[in-house]
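Down below is the structure, laid out as structure tokens.
Readers should treat all values here as calculations from the given coordinates under stated rules, not as data from a laboratory. Just so you know, these numbers come straight off a predicted model, no measurement behind them. Neighbour counts are summed over all protein chains in view; Cβ atoms, including those assigned to glycine, are modelled from backbone coordinates with ideal geometry.
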Amino acid sequence: MRVLLSGGAGYIGAHTAVALIEAGHEVIVVDDMSNSSPEAIARAGSLAGAEIPLLGADVRDEPRVRAFVQQHGPVDAVVHFAGLKAVGESVAQPVRYYDVNIGSAVAVLRLMAAESIPTIVFSSSATVYGRPETLPLREDSPTGIDLANPYGKTKRIVEEMLKDAAAADPRLRAIALRYFNPVGAHPSGRIGEDPSGTPNNLMPYVARVAVGSLERVGIFGDDYPTPDGTGLRDYIHVLDLAAGHVAALERAREGFEVYNLGTGVPVSVRELIAAFGRAAGRQIPTAVLPRRAGDVAASYCDPSKAREGLGWSATRTIDEACRDSWRWQSQNPRGYAPSPR
Ligand code: NAD
Ligand code: WQD
């Protein structure tokens, strides 16, 4: 199958590109490089042993994307990663988030109609559940409870749009994958997560502390009703996540479907920091801070629907994710940026 990855130069996209090529598929990428580097695609191509065609453009630039698809097509499926993903920033810049995240999904669906592409896999998020009423989260758990951030709302709206589009066109295959907390890196240490500025998410923050570029990890609250008082999350290795996309593309059926992609194993903030310390062979300095606004005490999934429907389940542990994240961080302390002369 030939697959267009929108936002394919990003963290999850680059790992998925490698997994798809290794599974015998072809990949082409459109990415406006607003949060990535062409170096990620060059390295993904060299890891997978293939040249990956890359269009540096906004996926909403419909004429350019269509010409690119016609040049490299026919395309069988789109994996739509492109979008903005910082929860806090979405509260400060809601219109920009609605514009990019919804506009890019509309553009992709229009492209698919114009080029007769039947299949889309969409990067949704566990954020759509809002504040969990019961755990573990299942795909039929209620969404949107106390969902205060525009980022999460854009994910819910795009899921609804895909459902409506599939209802109107019985040939459409649309799968929304609700990722839990993606972590880790390719075991080669060649590709990984490269957030610009100070990381918002726990694992890349811990990695920067371990490498010495940040002083200590702030633990956002140790008074939650959890075993050690810190927040519980479902951290999924990015290679497992990438394999989930391959499975979704290969198993997609007509209609709209949604799947959780997680491990089902809750891990606390303190447990993650301890695991990273073991992987890096050093003590990670910490300080307990107040709770972060909008955080929930615990979020983890029941992954059985993906196991049954996609034949997929996560196999990697938090220790493997920390080891791979540490290898990436220590070998590329400045991410994809060229080393200073
Ligand atoms: P990322 O920022 O590394 O990747 C997104 C890519 O999209 C970037 O390379 C960026 O340059 C590109 N992009 C942004 N707007 C674009 C546009 N208009 N046109 C073309 N390219 C554009 O993020 P990621 O972590 O790889 O996430 C991929 C997707 O998964 C996103 O949709 C994100 O919301 C979703 N997601 C991520 C997480 C997470 O924690 N990483 C969790 C759940 C869902
Ligand atoms: C994990 C845990 C924090 C940083 C976010 C988005 C979600 C999804 C994944 C896109 C929590 C604690 C964190 C720090 C800390 N992204 N923490 N100190 O908030 O579960 O999910 O990323 O879809 O939508 O909301 O991930 O990594 O920020 O936090 O103590 O410096 O680590 O309180 O318990 P989160 P996270």
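Quick rundown of the values:
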{"read-out": "Cα gyration tensor, segment 179-267 - rounded (a/c under 1.5), prolate or oblate", "value": "oblate"}
{"read-out": "Positive-end residue, the chain charge dipole about Cα centroid, Cβ charges, pick of ALA105, ALA167, VAL217", "value": "VAL217"}
{"read-out": "Kirkwood Rh in Å, taken over all unlike Cα pairs in segment 89-234", "value": "18.0 Å"}
{"read-out": "Net dipole in debye of the chain [+1 Lys, Arg Cβ; -1 Asp, Glu Cβ; about Cα centre; nearest 20]", "value": "560 debye"}
{"read-out": "Largest to smallest principal axis extent of the C-alpha atoms in the chain, angstrom", "value": "53, 52, 38"}
{"read-out": "Using a Förster distance of 22 Å, the FRET efficiency for GLU308-MET1 (Cβ separation, nearest 0.05)", "value": "0.45"}
{"read-out": "All-pairs alpha carbon distance profile, segment 130-214, 5 Å steps from 0, percent", "value": "3, 10, 14, 16, 15, 15, 14, 8, 3, 1, 1"}
{"read-out": "Neighbourhood net charge (15 Å Cβ-Cβ; Lys/Arg +1, Asp/Glu -1) for GLY10", "value": "-4"}
{"read-out": "In degrees, nearest ten, helix 238-251 long axis to first principal axis of the chain (Cα)", "value": "30 degrees"}
{"read-out": "For segment 106-148 and segment 78-96, distance of Cα centres in Å", "value": "14 Å"}
{"read-out": "Local net charge near ASN35, Cβ-Cβ under 10 Å (Lys/Arg +1, Asp/Glu -1)", "value": "-2"}
{"read-out": "For segment 302-341, the fraction of alpha-carbon pairs in successive 5 Å shells from zero, as %", "value": "6, 19, 14, 13, 12, 12, 11, 8, 3, 2, 1"}
{"read-out": "Virtual spin-label span in nm between LYS163 and ALA274, 7 Å along Cα→Cβ", "value": "4.1 nm"}
{"read-out": "Helical mean residue ellipticity (222 nm; -39500 (n - 2.57) per DSSP H run of 4+; nearest 500) of the chain", "value": "-12500 deg cm²/dmol"}
{"read-out": "Loop GluC sites (Glu not before Pro), segment 182-256 (other Cβ atoms within 10 Å of the site Cβ: 14 or fewer; DSSP)", "value": "GLU215, GLU254"}
{"read-out": "Estimated D of segment 1-48 in µm² per second, where Rh is the Kirkwood radius over Cα pairs and Stokes-Einstein applies at 25 °C, 0.890 mPa s", "value": "239 µm²/s"}
{"read-out": "Tilt relative to the chain, helix 318-331 - C-alpha long axis, 0 to 90 degrees, to 10", "value": "80 degrees"}
{"read-out": "Rounded to 10°, Cα long-axis angle of helix 202-211 versus longest principal axis of the chain", "value": "60 degrees"}
{"read-out": "Of ASP58, ASP194, ASP140, the one that fluctuates the most in a GNM where the chain has Cα springs shorter than 10 Å", "value": "ASP140"}
{"read-out": "Share, in percent, of DSSP beta bridges within segment 166-325 that are antiparallel, nearest 5", "value": "10 percent"}
{"read-out": "Two-site FRET efficiency, GLU51 against THR315, from Cβ-Cβ distance with R₀ of 22 Å, rounded to 0.05", "value": "0.15"}
{"read-out": "Shape of segment 260-340, Cα gyration tensor, a/c cut at 1.5", "value": "oblate"}
{"read-out": "In segment 261-340, the trypsin sites (Lys or Arg not before Pro) that fall in loop regions by DSSP, at most 14 other Cβ within 10 Å", "value": "ARG282, ARG291, ARG292, ARG334"}
{"read-out": "Length gained when the stretch SER116-ARG253 is fully extended (0.36 nm per residue, less Cα-Cα span)", "value": "47.7 nm"}
{"read-out": "For peptides 129-139, 26-36, 8-18, sequence by mean Cβ density within 10 Å, most packed first", "value": "8-18, 26-36, 129-139"}
{"read-out": "Options GLY73, ILE28, LEU310, ranked by Cα towards positive dipole end of the chain, top entry (Cβ charges)", "value": "ILE28"}
{"read-out": "Rg over Rh, two decimals, segment 35-169 (C-alpha only, Kirkwood Rh)", "value": "1.00"}
{"read-out": "About the Cα centre, charge dipole magnitude for segment 216-278 (Lys/Arg +1, Asp/Glu -1 at Cβ), debye", "value": "200 debye"}
{"read-out": "Most fluctuating residue given options ASN181, ASN201, ASN260, as computed from a GNM of the chain linking Cα atoms under 10 Å", "value": "ASN201"}
